Amino acid sequence: MATYAGNGLTPEVASFAQKHGLTLTAQEELQKLLNASVSLAQRRVTVSVPATVANLGPGLEVVGMAVDIWDEFTLEFADHFSVEIHGLDTPEVPRNEENLVVQGAASAFKEACRPFPTMHFICEHRIPYDKGLGAASAAFVGGFLAGSVLCAEELRHLEKSTEKWTGRSNSKEGLDVVDCSAPTNADGVEALLEAAIARGWNPGNVCPAIYGAIQIGINTPNGMRSHRVPCPHGLVLCLFVPDGQEEETGLEMELVDRQKAIFNVGRVALLINVFSTQDFSKFQKASEDSLALPHIAGKFPYIKGVCQAALAAGASGACAAGYGPSVLALLPGRTGDVLAQSASNQLEQDVAKAMLKAAEEKSISGQILIAKPCDVGAHVVAQKSALGPADEKSRISYYQ
């Protein structure tokens, strides 16, 4: 009978080995398997995903902008499934498998041909929920990105352990679990884009949530593709977010008047030109829309007055955020010397107060979020994640 003293086994493994009469080699491999499982269970990833404003007026289901308001999602392997919710509008967010972060993570593992493991989800919500600012698509994107990272981590760990225990590399002769590897970064991002679009969300929300900045989503025979538009520094966004109003869905598929279609095409071209040339004196003209505006105005009659109030207070332009209920006002603002900065701050306050007052005149209460566009989309928050070998991590600090 094999002995169990002094061989580096934990009491649990030693007891199991003695009970079942395992050989020394089997004992060692069982201990390594347990160590690997514990190490994998300590893996954790945190991702951030920005809010988004779709359409920007005429760019229906095509154009969108990432906004510097972030939801943060942490996923970690666990013994029991659980969803922990913090932040804004949390009563409306599901705490079960219907949660969009959970569904995004499950889609990532399915894409990688891996079984979906038991996980603990921590969701920090800062993007107002169901207000036309892309909260739903942000949750799915965040879950998919985090799931992809953990799936790749799981496969990397299994591959490394397989080589160590059996002397076999990642080949067809290795374990079956490493034959279906995680997607590459490019494939993974495209898979994420396709998975989110397949759920019916506006590309004007999905594309900037993934890639940041201003994006143009183009449907091609090979699937959705996104193209970046330069987003100048210094822009300020005043977002009126109403209370008690829910996000509106897009327009029904129908034939449209030719002149209205031509009008929108011209405005979209001007909109892209405005951002490319940084001539925001034309933003209000560029953000005009003839297709969705009647639908939006009928559902949210206060939006027109809020937009007009923002313009009168000095905004370069204003439009509905997506299909409502929120309103975006754009200011060219935060650049220049100290005096110019002070004037910009005053302009932001003036526009914000004017928007609130106009809404209140229509008996609509709400809040103003002052933010800016952001160049980056969904990403891993490295300083809050526990991935890869622990070696020398104590000597690496983040100031971001």
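Looking at the range 1-39, which of the residues that are surrounded by fewer than 17 Cβ atoms within 10 Å (Cβ to Cβ) and among the aliphatic types (A, V, I, L, M) is modelled with the highest pLDDT?
Result: Leu24.
Name every residue in the range 65-108 that is assigned to a helix (DSSP H, G or I) and small (Gly, Ala, Ser), in order of residue number.
The answer is Gly104, Ala105, Ala106, Ser107, Ala108.
Can you find a residue in the range 232-243 that is touching a helix residue (DSSP H, G or I) at 6+ places or on another chain (Cβ under 6 Å), open to solvent by 50 Å² or more (accessible area, probe 1.4 Å) and touching a residue at least 60 places away in the same chain (Cβ under 8 Å)?
no
Pick from the range 76-107 the residues that are over 14 Å from the mean Cα position of the chain (by Cα) and aliphatic (A, V, I, L, M): which of them is surrounded by the most Cβ atoms within 10 Å (Cβ to Cβ)?
Here the answer is Val93.
Out of the residues in the range 201-216 meeting the condition of being under 17 Å from Leu271 (Cα atoms) and surrounded by fewer than 24 Cβ atoms within 10 Å (Cβ to Cβ), tell me which one is farthest from the chain's Cα centre (by Cα).
Taking the candidates together, the pick is Ile216.
Return the only residue of Phe275, Phe300 being without any contact (Cβ under 8 Å) to a residue 60 or more places away in the chain and open to solvent by less than 50 Å² (accessible area, probe 1.4 Å).
Details: Phe275 fails: without any contact (Cβ under 8 Å) to a residue 60 or more places away in the chain.
One residue alone meets the criteria, Phe300.
Against the conditions (1) without any contact (Cβ under 8 Å) to a residue 12 or more places away in the chain; (2) open to solvent by 80 Å² or more (accessible area, probe 1.4 Å), where does Gly266 fall short? Just the number, please.
Unmet for Gly266, out of (1) without any contact (Cβ under 8 Å) to a residue 12 or more places away in the chain; (2) open to solvent by 80 Å² or more (accessible area, probe 1.4 Å): (2).
The values are calculated or read from the model by the stated rules, or taken from the named source; none is laboratory data. In this text the structure is predicted, and so the values were computed from the model without any measurement. Backbone-built Cβ (ideal geometry, glycine too); neighbour counts: all protein chains shown. Note: accessible area is taken over every heavy atom of the protein model, side chains too, but ligands, DNA and RNA are not part of it. Shrake-Rupley method; radii C 1.70, N 1.55, O 1.52, S 1.80 Å.
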